[in-house]
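Notes for the one structure printed next.
The values are calculated or read from the model by the stated rules, or taken from the named source; none is laboratory data. Values in this document were obtained by computation on a predicted structure and should not be read as measured data. So basically every Cβ, Gly included, is an ideal-geometry build from the backbone, and we count neighbours across all protein chains shown. Protein only, heavy atoms only, side chains kept; ligands, DNA and RNA dropped before computing areas. Shrake-Rupley method; radii C 1.70, N 1.55, O 1.52, S 1.80 Å.
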Amino acid sequence: MDLITKAPRGTQDMLPEVAHKWQHIEQTALAIAADFGYREMRTPVFEHTELFHRSVGETTDVVQKEMYTFTDRGDRSVTLRPEGTAGAARAVLESGLYAGTLPVKVSYVTSCYRYEKPQAGRLREFHQFGVECFGAAAPTADAEAISLAHTLLAQLGVTGVTLYINSIGCPTCRAKYHEALKAYFTDRQDELCGTCRDRLERNPMRILDCKSPICHEIGAAAPVILDFLCDECAEHFEAVKACLNAADIPFEVDPHIVRGLDYYTRTVFEFVSDALGAQAVVCGGGRYDGLIEELGGPHLPSLGFAMGLERLLMIMDAKGCSFPAPPACELYLAPMGAAAARECFAIAAKLRAGGVAVQTDVVGRGLKAQMKYADKIGAKQVIVVGDNELETKQAKLKDMDAGTETDIALDDSMYTTLYQRSLDRQLGAMSDLFRSVAE
Ligand code: HAM
């Protein structure tokens, strides 16, 4: 197909039929985050390339193989964000927010870009809901972030998701672990992919999340970091688990989770769905106590997570989760003739100002075609306005579901009636949604 009529590989249009589902997920996510004290932030879609090298890490798949990096017209290397944490950390550092009240808790809904091989649940442009908490060293912060993701999944009605947690220690425990990994992988280095042979010297832990099946298989029997934790890291991990147990948040310890980004320290976690096939991780996160310092700031223990929204939506569809109905047209005003069209236009503007979803003719259709259109868009009510109605200031309000008609005066009382009906309808829809979530 012609290039200009085809979206780039690995991207998706969000058509109106699904956009309301996205709105529901995003609004729910941001509202729950707000309950946990996270305030929304937005950062640029591109950053200086160096930011991702320093934070995500030189030896990660993301930096080595997947970034959309280009030189701009000012000869600077910039990169479309492959994830949200680096930009959030940079913004907190640049704005000086970290010098105020701690912790700084931010949330975001953002597009991300990774040049990966597209498949179901893996895109080149995808979206994340994420939270980052800067300046919180206690294990309760780790458990709180996990609890936020858990609450969101529960509130959206998502089932079949398992939480896996691990600790990947601090630079102290990691030094000993790296030695053990090096010894293990050196014995089998001829079987590793070229990238991993290079990683063996520079960052052997990265071999553990290589996407090559051979490296993955070799990595499965490698030593695990949990056996190398220092006392402080072990204690921290135990305290996180105790908090999760106290809050009845089920989890399993998976010593093989290392995550694909270099900034992590101590707690790491992933929520894995049984409905996604190969790309089963819907949410991943962890602690990154050294990141802010790495970027030139003070020592600021921090943590967060991000949830892939395309994957989340796939799960919700697969599990038959409920969504609020897309906004309906509450009233269609069908004018007959130019004078009526003007009057309907004015009435519609006034009703919309009061929060009523109103449409009227913008095509110049006859009455029959307008009624067909009103039916197609699912208009709840219709008022036909012709010369007679204009003269008598009286019209019929047709309830499209019930098929009944009532008299309505085309004066101020009409606005009161229609505002009230609109409000009743919205309250009804909200209580239906609450009921379906509670079920
Ligand atoms: P991540 O594991 O790279 O972590 O991505 C988080 C989530 O984004 C994944 O679990 C997945 O649901 C989704 N995702 C990742 N890549 C793709 C893709 N190509 N297509 C569709 N969905 C994808 C991070 O990005 C970290 N910044 C998370 C974090 C925040 N850690 C601490 N704070």
Item to check | Dipole in debye (nearest 20) - the stretch 1-125, about Cα centre, beta carbon charges: Lys, Arg +1; Asp, Glu -1 | outcome: 80 debye
Item to check | Alpha-carbon centroids, the stretch 103-147 and the stretch 288-362: separation in whole Å | outcome: 21 Å
Checklist outcome for this item: Restricting to Cα pairs under 8 Å and 6 or more apart, the percent relative contact order of the stretch 331-438 works out to 27 percent
Next on the checklist: Using +1 at the C-beta of Lys and Arg and -1 at the C-beta of Asp and Glu, which of 111, 128, 331 has the Cα lying farthest in the positive direction of the dipole of the chain?
Outcome noted: 331
Item to check | Counting DSSP beta bridges with both ends in the chain, the antiparallel % (nearest 5) | outcome: 80 percent
Checklist entry - Between the DSSP loop rule and a limit of at most 14 other Cβ atoms within 10 Å, which trypsin sites (Lys or Arg not before Pro) in the stretch 69-161 are left? => result 73, 76
Checklist entry - Ordering 24, 48 from largest to smallest accessible area (1.4 angstrom probe), what's the sequence? => result 48, 24
Item to check | Rounded to the nearest 10 Å², the accessible area of residue 430 at probe 1.4 Å | outcome: 100 Å²
Checklist entry - Is the shape of the chain best called rounded, prolate or oblate, per the rule: a/c under 1.5 gives rounded, else a/b larger than b/c gives prolate, else oblate, with a ≥ b ≥ c the square roots of the Cα gyration tensor eigenvalues? => result prolate
Checklist entry - How much length is gained if the chain between residue 349 and residue 217 is pulled fully straight, taking 0.36 nm per residue apart and subtracting their Cα-Cα distance, in nm to one decimal? => result 41.1 nm
Checklist entry - Given a 1.4 Å probe and the protein chains all in place, what does the accessible area of residue 411 round to, in Å² to the nearest 10? => result 70 Å²
Checklist entry - Which entries of 176/241; 21/241; 117/176; 350/376; 6/350 show an alpha-carbon separation above 29 angstrom in the structure shown? => result 21/241; 117/176; 6/350
Checklist entry - Helix 171-186: angle to the longest alpha-carbon principal axis of the chain, degrees 0 to 90, nearest 10? => result 70 degrees
Item to check | Label point at residue 402 placed 7 Å out along Cα→Cβ; residues across the stretch 362-396 whose backbone nitrogen lies under 14 Å | outcome: 380-382
Item to check | Of 351, 362, 267, farthest towards positive along the dipole that unit charges on Lys, Arg, Asp, Glu beta carbons give the chain | outcome: 362
Next on the checklist: Using a 1.4 Å probe on the protein heavy atoms, what percent of the accessible area of the stretch 331-438 belongs to carbon and sulfur?
Outcome noted: 55 percent
Next on the checklist: Can you give me the C-alpha center-to-center distance between the stretch 1-18 and the stretch 196-250, rounded to a whole angstrom?
Outcome noted: 38 Å
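Which net charge results for the neighbourhood of residue 276, defined as the other residues with beta-carbon distances under 14 angstrom from its beta-carbon, given Lys and Arg at +1 and Asp and Glu at -1?
Cβ neighbours under 14 Å give a net charge of -1.
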Checklist entry - Which shape class, rounded, prolate or oblate, goes with the stretch 1-142 when its Cα gyration tensor gives a ≥ b ≥ c as root eigenvalues, a/c under 1.5 marks rounded, and past that a/b bigger than b/c marks prolate? => result oblate
Next on the checklist: Tell me the angle of helix 85-95 to the major Cα principal axis of the chain, expressed in degrees between 0 and 90 and rounded to the nearest ten.
Outcome noted: 90 degrees
Checklist entry - So, with +1 on the Cβ of K and R and -1 on the Cβ of D and E, and no other charges, what is the size of the charge dipole of the chain about its Cα centre, to the nearest 20 debye? => result 920 debye
Checklist entry - Hey, what did the chain get for relative contact order, percent, Cα under 8 Å, at least 6 apart? => result 15 percent
Item to check | Burial ranking of peptide ranges 160-169, 182-191 (average Cβ count within 10 Å, highest at the top) | outcome: 160-169, 182-191
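Per DSSP H run of n ≥ 4, the term is -39500 (n - 2.57); total these for the chain, divide by its residue number, and report the mean residue ellipticity at 222 nm rounded to 500 deg cm²/dmol.
Rounded to the nearest 500, it is -12500 deg cm²/dmol.
What number comes out for accessible area per residue over the chain if the probe is 1.4 Å? Units Å², please.
On the way: 21560 Å² over 439 residues.
Counting only protein heavy atoms, the per-residue value for the chain is 49 Å².
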Item to check | Rel. contact order, % - alpha carbon contacts under 8 angstrom, at least six apart, the stretch 138-250 | outcome: 42 percent
Checklist entry - Within the accessible area of the stretch 198-273, what % is carbon and sulfur when the probe is 1.4 Å and the other protein chains stay in place? => result 51 percent
Next on the checklist: Please report the antiparallel percentage of the DSSP beta bridges confined to the stretch 331-438, to the nearest 5.
Outcome noted: 55 percent
Checklist outcome for this item: Per the C-alpha gyration tensor (a ≥ b ≥ c, the square roots of its eigenvalues), the stretch 223-280 is rounded if a/c is under 1.5, else prolate if a/b beats b/c, else oblate; here it's oblate
